[in-house]
Amino acid sequence: AMTGTGGSVIRYDASLERELTQRATIAADLRRGLTAGEFHMLYQPIVELPHGRLVGVEALVRWTRADGRVVSPADFIPIAEDTGLIVDLGAWIIDTVCAQAAAWQREHGPEALRSVAVNVSARQLLDPGLPDLVAGALAGHGVPAKLLTVEITETAVFGGGRALATVHALSELGVSLALDDFGTGHSSLGLLRTCPVDAIKVDKSFVDGLGGTPQQEAIVTALTGIAETMGLRTVAEGVETAEQAQRLFELGYRYAQGFLFARPLPPSAIDAMLQQNHHI
Ligand code: C2E
Ligand code: CA
Ligand code: CA
Ligand code: CA
């Protein structure tokens, strides 16, 4: 990376050049990959506590490159954001997820899933066309707006302005809004006043502190109180142990997501769960 060596002098670093070239290559590959159909969606179950009944899913994008290598969204989403490609990729994601939600409704009935969540990044929220795009995908596939949850991060709406206007327009469509990675940003609590959210997703880092000291549990404990008062749903993310799930239930959490219940899965695996009495 760049190292400032006092004042305005910035040392040139060969690894920075490598990184920039790599990013440019990935950006070009992303664009090609989108046309070549290299992306697919996985769906991670969201369950109701304590029994673990499947109530919803979160769609998570995957990229398998032509050479078979799988790239993590944590690596390519930031590049897709910087290059603006997230707008086209995001449009493909929203359409694909709505098509899948419609298929589940047709096969398993309108009550089979309470919500199908899709992630929307900061750059997408700056696109004033996003609400129309979502409305078009819902109408095109015949998906009721309330089935779709749009997950947004606090940092994306922190600046207010255009992103916040988009969020309000999305809310008016009737989709649910969830604040993702809740508690990791700068203004989590403040946003609950300005942003029309229906749910908060409590970040894994806080779930990891469960079963520890009262200090470590403080945020998870406090959030249920706030959420209840404000009429928000809470989903705990990254639940990996039965102890964490048990503790969450004791603290009043109704919904959880994590490897304890299921990893992100292909649509066929969700179909199988919906057939088996909705249990994992
Ligand atoms: P996120 O939205 O916070 O998604 C949750 C991430 O945590 C997912 O990683 C999921 O696989 C992982 N996870 C779930 N349960 C557990 C657990 O019990 N333990 C651990 N260690 N991890 C767990 P994934 O799929 O690699 O996605 C990473 C991030 O990339 C997402 O974080 C999200 O910010 C972004 N992303 C993924 N798909 C999309 C997408 O379709 N659109 C956009 N804009 N961003 C996406
Ligand atoms: Ca998410
Ligand atoms: Ca999250
Ligand atoms: Ca995250």
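Would you pick out the residues in the range 201-245 that are touching a strand residue (DSSP E or B) at 6+ places or on another chain (Cβ under 7 Å), among the hydroxyl-bearing types (Ser, Thr, Tyr) and within 21 Å of Asn119 (Cα to Cα)?
Thr234
Please state which one of Leu179, Leu164 is of a type outside the set (Val, Ile, Thr) and more than 13 Å from ligand 3 (Cβ to nearest atom).
Leu164
Which of the residues belonging to the range 212-258 are among the β-branched types (Val, Ile, Thr) and assigned to a loop (DSSP other than H, G, I, E, B)?
Listed by number, the residues that qualify are Thr213, Val239, Thr241.
Just to be sure I understand, how many residues within the range 223-264 are within 16 Å of ligand 4 (Cβ to nearest atom) and out of contact with any Gly (no Cβ under 9 Å at 6 or more places or on another chain)?
2
Take the range 195-217 and flag every residue that is of a type in the set (A, V, I, L, M, F, W, C) and at pLDDT below 90.
Hit for the range 195-217 is Cys195, nothing else.
Report, ordered by the first and then the second residue, all pairs with beta carbons closer than 6 Å, sequence separation of six or more or different chains, a first member in the range 143-171 that is closer than 15 Å to Pro196 by Cβ and within 16 Å of ligand 4 (Cβ to nearest atom), and a second member that is polar (S, T, N, Q) and outside any helix (DSSP H, G or I).
Every condition considered, the pairs that remain are Thr149/Ser115; Thr149/Ser176; Glu151/Asn119.
Determine which member of the set Thr221, Thr184, Thr213, Thr194 is among the hydroxyl-bearing types (Ser, Thr, Tyr) and within 22 Å of Ile77 (Cα to Cα).
None of the other options fit; the residue is Thr184.
Residues are listed down the side, and each one gets a yes or a no for (1) within 16 Å of ligand 1 (Cβ to nearest atom); (2) β-branched (Val, Ile, Thr); (3) closer than 24 Å to Thr155 by Cα:
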residue: Asp203; (1), (2), (3): yes, no, yes
residue: Ala218; (1), (2), (3): no, no, yes
residue: Glu237; (1), (2), (3): yes, no, yes
residue: Leu251; (1), (2), (3): no, no, no
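Return the pair list, or none, for Cβ contacts closer than 7 Å from residues in the range 112-135 that are without any contact (Cβ under 8 Å) to a residue 12 or more places away in the chain to residues that are away from ligand 3 (no atom under 16 Å from the Cβ), at least 6 apart or on different chains.
none
The values are calculated or read from the model by the stated rules, or taken from the named source; none is laboratory data. The structure displayed is predicted, hence computed values, not measured ones. Here Cβ is always computed from backbone atoms with ideal geometry, including for glycine, and neighbour counts include all displayed protein chains.
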